[in-house]
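Beneath this line is the structure, given in structure tokens, with notes to follow.
The values are calculated or read from the model by the stated rules, or taken from the named source; none is laboratory data. Note that the coordinates shown come from a computational prediction; the quantities given were computed from them, not determined experimentally. A quick note on method: Cβ atoms are made from the backbone with ideal geometry, for glycine too, and the neighbour counts reach across all protein chains shown.
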Amino acid sequence: MLFFSFILLLCTLPLLALCAEDYYKLLGVERDASDRELRKSYRKLSKQYHPDKNPDNETAQERFVAIAEAYEALIEPETRKIYDQYGHDGLTKHKQGRGPGHAHDPFDLFSRFFGGSGHFGHHSGERRGPNMEVRLAVPLREFYNGGETTFTIEKDHVCEACEGSGSEDGEVDVCDVCGGRGMRIQKHMLAPGIFQQVQGTCDACGGKGKTVRHKCNVCGGARVAKEPESFTVHVERGMPKGARVSFENEADENPDWIAGDLIVQLVEKEPVLGPDGAEDEHIARTDGTFFRRKGKDLFWREVLSLREAWMGDWARNITHLDGHVVRLSRPRGAVIQPGSVEMVEGQGMPIWQSDAEGDPLAFGNLLVEYVVVLPDMMDEAMEGDFWATWEKWRAKVGVDLFKDSGRPVIVEASAHDEL
Ligand SMILES: *[C@@H]1O[C@H](CO)[C@@H](O)[C@H](O)[C@H]1NC(C)=O
Ligand SMILES: *[C@@H]1O[C@H](CO)[C@@H](O)[C@H](O)[C@H]1NC(C)=O
Ligand SMILES: [Zn+2]
Ligand SMILES: [Zn+2]
């Protein structure tokens, strides 16, 4: 149905401008492109402009038809030669010379490449292949900044050499064992003289009802062949760990079905030190690489010396995931308890899609846990000084360790005070 309304549309609209576009340009290839390059380009563009993926977009639909036309003209050595010499006019004359115009069905071409009927769509009630899941490890930096990650997978493509027939010469025969039904009745002997008839899958043709005498050299008759294909995922700022990004109809192809979806699950990559972490070495070495993420918050452990924790008067510059600096500091006299946690507001992860309604992007918090390190050894004079200081102040009330220990109060216990 869709196709007919489509042809009508083609006849009625002034399509001259588009039809006259150079075939090579339409396919985005050089004039000396190989057949392989033509196929590759057709594969990519026809999927991109397929009407089922661009509903209500005439520009894309016209392009889909034009791409099919360009591909069919260039893949055929005879018509390609004519086109190269005489252009569109030459081809038009060539077609006229062959009697009444036989328009090629662009969906038919599409189905030879991708299997199924040439349509995606849930309306056709066609068989769909299984979805395919892959996990992609993305560094935390990319979850923070957003970005594009390209990855390559091996997946089944409908064999180009035999166009999914599995046959070297294009001949496909009806299976003579089952007569094309794919099933056959077999007799099993249960006991001497007692037989049972069982209907089972025909093993001569594997239930397909068809056999191929000369198997395709490329796919060995399997009709599909594994090939690498690259995809680019757009990681949005603040996407959660485990987020799934779907590529419609990009799972394994098969002539018998519409390909299912390729589903990419984003997981977090272990941080690595050094240039491996990013193209930009400067950013790869940032503290942020080692932040730990929990939902919208980030966690960081900062180490302080005993002096800093106790006396204050220190500052730290922490380089965040996009290179900006978060400054932590305390003035003289500000004590920090070991293990205490400081919350730095707004320095956590971007909150995914919080800017969807035109609001500025919102952020979670950065939680800094302080670890205090005591010196291993002291020089003798220093030890003496400290000792004297402690002795001097011991009698004064400092911390009440009993109170702080949380133990039940024992009446007789002598108060034990310490700085
Ligand atoms: C229609 O498709 C064309 C080609 O892909 C694209 O440039 C254009 O933005 C689309 N228009 C709409 C309204 O989606
Ligand atoms: C931290 O950054 C500030 C400016 O933001 C700079 O003045 C200071 O020298 C830096 N300190 C360190 C230890 O890098
Ligand atoms: Zn059979
Ligand atoms: Zn093949």
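Looking at the range 140-162, which of its residues are in a loop (DSSP other than H, G, I, E, B) and touching a Phe, Trp or Tyr at 6+ places or on another chain (Cβ under 9 Å)?
Passing the criteria: only 160.
Could you grab me the full set of residues in the range 293-316 that are at pLDDT below 95 and closer than 14 Å to residue 366 by Cβ?
295
Residue check, residue 116 against (1) assigned to a loop (DSSP other than H, G, I, E, B); (2) touching a residue at least 12 places away in the same chain (Cβ under 8 Å); (3) within 13 Å of ligand 4 (Cβ to nearest atom), all met but one. Which one?
Here residue 116 clears every test but (3).
Among the numbered criteria (1) within 42 Å of the chain's Cα centre (by Cα); (2) surrounded by 10 or more Cβ atoms within 10 Å (Cβ to Cβ); (3) within 25 Å of residue 304 (Cβ to Cβ), which one does residue 390 miss?
Result: residue 390 fails condition (1) only.
Got a number for residues in the range 171-210 being of a type in the set (Ser, Thr, Tyr) and either modelled with pLDDT under 85 or touching a helix residue (DSSP H, G or I) at 6+ places or on another chain (Cβ under 8 Å) (or both)? I'd like the intermediate steps shown before the answer.
Within the range 171-210, the first condition is being of a type in the set (Ser, Thr, Tyr), and the residues that meet it are 201.
Filter again for either modelled with pLDDT under 85 or touching a helix residue (DSSP H, G or I) at 6+ places or on another chain (Cβ under 8 Å) (or both), leaving none.
Result for the range 171-210: 0.
List the pairs whose first member sits in the range 80-98 and is loosely packed, with under 11 Cβ neighbours inside 10 Å, whose second member is part of a loop (DSSP other than H, G, I, E, B) and of a type outside the set (Gly, Ala, Ser), and whose Cβ atoms are under 7 Å apart, counting only residues at least 6 apart or on separate chains?
Hits for this filter: zero, empty list.
How many residues are part of a helix (DSSP H, G or I) and crowded, with 17+ Cβ neighbours inside 10 Å when one looks only at the range 42-52?
Selection size over the range 42-52: 7.
Do you know which residues across the range 143-168 are acidic (Asp, Glu), farther than 20 Å from residue 252 by Cβ and either surrounded by 15 or more Cβ atoms within 10 Å (Cβ to Cβ) or over 28 Å from the mean Cα position of the chain (by Cα) (or both)? I'd like the intermediate steps shown before the answer.
From the range 143-168, those acidic (Asp, Glu) are 148, 154, 156, 160, 163, 168; that's our starting set.
After this cut, where a residue has to be farther than 20 Å from residue 252 by Cβ as well, the list is 148, 168.
Answer for the range 143-168, where residues must be acidic (Asp, Glu), farther than 20 Å from residue 252 by Cβ and either surrounded by 15 or more Cβ atoms within 10 Å (Cβ to Cβ) or over 28 Å from the mean Cα position of the chain (by Cα) (or both): just 168.
Can you tell me which residues in the range 261-280 are modelled with pLDDT under 90 and part of a loop (DSSP other than H, G, I, E, B)?
Correct list: 270, 271, 272, 273, 274, 278, 279, 280.
Pairs under 7 Å by beta carbon, first residue under 14 Å from residue 254 (Cβ atoms) in the range 199-228, partner near ligand 3 (Cβ under 8 Å from one of its atoms), six or more apart or different chains?
What qualifies is 208/182.
Can you confirm whether residue 171 is surrounded by fewer than 16 Cβ atoms within 10 Å (Cβ to Cβ) and out of contact with any Lys or Arg (no Cβ under 7 Å at 6 or more places or on another chain)? Spell out the reasoning first.
Details: surrounded by fewer than 16 Cβ atoms within 10 Å (Cβ to Cβ): yes; out of contact with any Lys or Arg (no Cβ under 7 Å at 6 or more places or on another chain): no.
It is false that residue 171 is surrounded by fewer than 16 Cβ atoms within 10 Å (Cβ to Cβ) and out of contact with any Lys or Arg (no Cβ under 7 Å at 6 or more places or on another chain).
Please work out which residue is farthest from residue 212 (Cα to Cα), limiting yourself to the range 163-180 and to residues that are part of a loop (DSSP other than H, G, I, E, B) and charged (D, E, K, R).
The residue in question is 163.
Would the range 76-92 turn up any residue that is assigned to a helix (DSSP H, G or I), out of contact with any helix residue (DSSP H, G or I) (no Cβ under 7 Å at 6 or more places or on another chain), small (Gly, Ala, Ser) and at pLDDT 85 or above?
Yes; the residues of the range 76-92 include at least one that is assigned to a helix (DSSP H, G or I), out of contact with any helix residue (DSSP H, G or I) (no Cβ under 7 Å at 6 or more places or on another chain), small (Gly, Ala, Ser) and at pLDDT 85 or above.
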